[in-house]
Amino acid sequence: MNKKKKVTVLIADDQTLFREGIKDVLTGEKWIEVVGEAADGLEAVAKAKKLKPDVVLMDIKLPKMDGINATRQIRQSCPEVNVLMLSSFEDEAHVLDAIQAGANGYLSKMLPAAELVNSIKTFTSEGLMIPQQLMGKLLHGLRKMGDGGMPSQATLTKTEIKVMDFLGKGLSNKELAKELNCSVKTIKNHLNSAFHKLGVSSRTEAVVKAIEKGLISSEGTVVPDDNDGE
């Protein structure tokens, strides 16, 4: 994301008072601009497509279309739009469903206002930290699912594993290229190959799957910016 411009945010929640409260908190930050609100999943998808915000704060329990399906549609049609789940549900199933749908992060509605602002700031600069308790639930859910059909012969190369490790530390494609002393195009090729082998379509899913398979460590892991085209 371009740090020089304001971070645009769309708030999707069916509770008017909660939306207004979050909007008041975010509007108080000079670097954030709330560009829209949505009261249901269908509206969230429509406004995300129209407004192209940097971040959608998405509740899971929404009328007309739940937040999981809304997230999936937004990420498929607008991959440049990042979705951060903001939910009261912190169980394994909901966290797993959200990440598999393409969510870039998962936050609790119980977060103090200051922590919410800091989380958005961290995400826009280097990737949102995954709370350890949620990472544990996510990995447990993935283990129960097994390998998810990943071919046994589809093992990552040493370079691809190194790329996944740096990706899990929040490095951009340009930073990866510098670390591995190669071009950005080469990094993209490594990423595409690793994504195919892991059976994933986003940087977030790739890091989670690599951790689940024991290829990289979860210590210090951040949610990568799936919008990183550089």
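List of remarks:
- Trypsin sites (Lys or Arg not before Pro) within the stretch 25-74: DSSP coil, no more than 16 neighbouring Cβ in 10 Å: Lys30, Lys61, Lys64
- Inter-site label distance for Thr159 and Asn189 at 7 Å from Cα along Cβ, in nm: 0.7
- With 30 Å as the limit, the listed pairs Lys49/Lys109; Lys5/Lys64; Lys30/Lys50; Lys5/Lys178; Lys49/Lys209; Lys23/Lys162 have Lys5/Lys64; Lys23/Lys162 beyond it between alpha carbons.
- Amide H contacts of Val200 (H built 1.01 Å from N, in plane; Pro and chain starts excluded): no residue 5 or more places away or on another chain comes under 5 Å.
- Each of Leu180 and Glu80 was given a label point 7 Å from its Cα along the Cα-to-Cβ line. The distance between the two points is 2.5 nm.
- An oblate overall shape is assigned to the stretch 24-110, the ratio a/c of its alpha-carbon gyration tensor axes (a ≥ b ≥ c) being 1.5 or greater and a/b not exceeding b/c.
- Prolate/oblate/rounded label for the stretch 1-75 (Cα gyration tensor, a/c 1.5): oblate
Values quoted throughout were computed directly from the atomic coordinates according to the rules given, and no laboratory measurement underlies them. This structure is a prediction, so every number in the text was calculated from the model and none was measured. Note that each Cβ is placed from the backbone with ideal geometry, even for glycine, and that neighbours are counted across all protein chains shown.
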